[in-house]
Amino acid sequence: MYEGVVQDLIDELGRLPGIGPKSAQRIAFHLLAADPADVERLAEVLKVVKAKVRFCERCFNVAEGPECRICADPRRDARLLCVVEEPKDVMAMEKAREFKGRYHVLGGAIDPMEGIGPNDLHVMELLRRLTDENIDEVLIATNPNIRGEATAAYLIRQLRDVGVTVSRLASGLPVGGDLEYADEVTLGRAIEGRKVLQHV
């Protein structure tokens, strides 16, 4: 344990997701050794982000105005909607440069162990968008883990009678991966999502 404000800094940094006690300590001592102007710039950016950034009124992605840049872009295909768990997932999808539609951010995934149910997510807002907007297809892009799969299964049930095409991101073996190292779930999804290359 360090004294006073140094320990307070380590404790606060340790509350950030993915930052353990050792990482918090390393970051704290990096900040103590850093140029005061650099630390001031970081503090200012944190204040500005907290003051300016909010969530898009339509899709719940991060935004600096009422709508995020994707919802405000008239070139996006408004008939295609991709449902993701978090704003960071929007950025992951955008990096692929393949998806041309719009997004809906749930704000998490169903997790009964953590007390997170459908009512804690933006599911009702999704259903409202399907009523209010001219959407033809919903692509469910939740994470391929237990929470993401449970959320996808719930959404598929909710969207069954809405009158839209519902699709799910394909998943399976990564390029460059070896079969012997694939887990059963990944290999099963790869087999299930196989493509026919030639008909006999």
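Readers should treat all values here as calculations from the given coordinates under stated rules, not as data from a laboratory. For clarity, every value in this text was computed on a predicted model and none was experimentally measured. Glycine also receives a Cβ, built like all others from the backbone with ideal geometry; neighbour counts cover every protein chain displayed.
A convex hull fitted to the Cα coordinates of the chain yields 215 cubic angstrom per residue.
In the calculated pair-distance distribution of region 62-168, the portion above 22 angstrom amounts to 27 percent of the Cα-Cα pairs. Note on region 4-52: along the principal axes its Cα atoms extend 30, 24, 19 Å, ordered by decreasing extent. Here region 62-168 is assigned +1 on the Cβ of each Lys and Arg and -1 on the Cβ of each Asp and Glu. Its dipole about the Cα centre then comes out at about 320 debye. Assuming charge only on the beta carbon of Lys and Arg (+1) and of Asp and Glu (-1), the dipole of the chain about its Cα centre is about 640 debye to the nearest 20. Among Ala43, Ala170, Ala92, the largest mean-square fluctuation in a Gaussian network model of the chain, built with springs joining Cα atoms closer than 10 Å, belongs to Ala43. Each of Val90, His104, Ala78 was scored by the projection of its Cα onto the charge dipole of region 60-113, and the greatest displacement toward the positive side belongs to Ala78; charges sit on the C-beta of Lys, Arg, Asp and Glu. Distance between the modelled labels on Val162 and Thr186, one decimal in nanometres: 3.0 nm (7 Å Cα→Cβ projection). For the peptides 48-55, 9-16, the ranking by mean Cβ contacts within 10 Å, running from highest to lowest, is 9-16, 48-55.
Simple spin-label estimate for Glu114 and Gln7 gives 3.0 nm between the two label positions (7 Å along the Cα-to-Cβ direction from each Cα).
Sorted on the mean count of surrounding Cβ atoms within 10 Å across their residues, most packed first, peptides 2-8, 57-63, 96-102 read 57-63, 96-102, 2-8. Backbone amide hydrogens, once placed in the peptide plane, bring Gly101 within less than 5 Å of Asp77, excluding anything fewer than 5 places away on its chain. Placing unit charges on each Cβ (+1 for Lys and Arg, -1 for Asp and Glu) gives the chain a dipole about its Cα centre, and among Leu31, Pro174, Val6 the Cα reaching farthest toward its positive end belongs to Pro174.
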